[in-house]
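K.L.:
After the C-alpha cells below, expect a handful of questions from me.
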C-alpha cells in the first residue's frame with residue numbers, strides 16, 4: 001500500500017499531485033470547501049507550514065513562487081518570505097523528498113502580467129537554494145537541496161502531471177496563449193542528515 005504523502009502549496013480547491021501519491025494535502029491563503037483531500041489554511045508570508053518536520057515525500061508549487069515577496073517588514077522586523085518558504089518546504093520534506101515547482105521565468109511576459117506577481121525567478125535563481133552553492137544561506141536559508149531538474153518549459157509540458165481532466169483543459173489553454181517557453185521547472189531533492 002502506498003502511504004506516501006504529497007503537499008500542494010497554493011492549491012485552491014483543486015490540488016495537484018504530480019507523483020500520484022495516495023495521501024494528498026493542500027494549503028492555500030484562502031478558505032476552501034474541500035472534502036476529497038486534507039486541507040489547511042495558511043498564509044506562508046506570515047506563518048510556517050502547519051505540519052511536522054519530515055512529513056511529506058513531495059511538495060508541489062504550481063504558479064506560486066512568483067507570489068511570495070522577497071523582502072518584507074513584519075512587526076518592525078526585516079523578513080525574507082521567499083527564503084522562509086524555502087526553509088519551510090525543506091523542513092516538512094522527508095530525506096530524499098522532492099520539491100517540485102513551476103513558475104513564470106524572467107524576462108517572459110508571464111512574469112509581469114499578474115499584478116500579484118512580486119517575485120521574479122530567473123534561469124539562475126535556483127542556485128541560491130541548491131548544492132554546492134546555497135547562496136541563500138547568507139540570508140538565513142538552512143536547507144540542502146540537490147537538483148534533479150531545472151528546465152525552461154512551456155507550462156503545458158508539465159500540466160499533464162496533474163492527472164486530471166483539468167490538466168487537459170489547461171494544456172489546451174496554454175497551447176493557444178502561451179506557446180513559447182515562459183515557465184521554469186524546479187525539481188529538487190531534500191538532503192537531510194539521517
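The values are calculated or read from the model by the stated rules, or taken from the named source; none is laboratory data. No experiment lies behind these values; they were computed from the predicted model shown. Quick reminder, even Gly has a Cβ in these numbers, built from the backbone with ideal geometry, and neighbours come from all protein chains shown.
K.L.:
In the stretch 15-57, how many residues are free of Cβ contacts under 8 Å to residues at least 60 places away in the same chain and part of a loop (DSSP other than H, G, I, E, B)?
P.N.:
Here the count works out to 25.
K.L.:
Considering only the stretch 123-154, state which residues are closer than 16 Å to residue 62 by Cα and in a loop (DSSP other than H, G, I, E, B).
P.N.:
Looking only at the stretch 123-154, we keep the residues that are closer than 16 Å to residue 62 by Cα, and these are 126, 149-154.
Passing the criteria: only 154.
K.L.:
On the given criteria, is residue 61 within 23 Å of residue 192 (Cα to Cα), part of a strand (DSSP E or B) and touching a strand residue (DSSP E or B) at 6+ places or on another chain (Cβ under 9 Å)?
P.N.:
yes
K.L.:
In the stretch 152-173, is there at least one residue being modelled with pLDDT of 80 or more, crowded, with 17+ Cβ neighbours inside 10 Å, more than 21 Å from residue 53 (Cα to Cα) and touching a helix residue (DSSP H, G or I) at 6+ places or on another chain (Cβ under 9 Å)?
P.N.:
no
K.L.:
In the stretch 96-119, is there at least one residue being at pLDDT 95 or above, surrounded by fewer than 17 Cβ atoms within 10 Å (Cβ to Cβ) and more than 16 Å from residue 186 (Cα to Cα)?
P.N.:
No; the residues of the stretch 96-119 include none that is at pLDDT 95 or above, surrounded by fewer than 17 Cβ atoms within 10 Å (Cβ to Cβ) and more than 16 Å from residue 186 (Cα to Cα).
K.L.:
Picking from 88, 109, 77, which residue would you name as being touching a residue at least 60 places away in the same chain (Cβ under 8 Å) and out of contact with any strand residue (DSSP E or B) (no Cβ under 8 Å at 6 or more places or on another chain)?
P.N.:
Criteria check complete, one pass: 109.
K.L.:
While we're here: Return the residues of the stretch 1-14 that are buried (at least 20 other Cβ atoms within 10 Å of the Cβ) and free of Cβ contacts under 8 Å to residues at least 40 places away in the same chain; say none if nothing qualifies.
P.N.:
11, the sole residue that qualifies.
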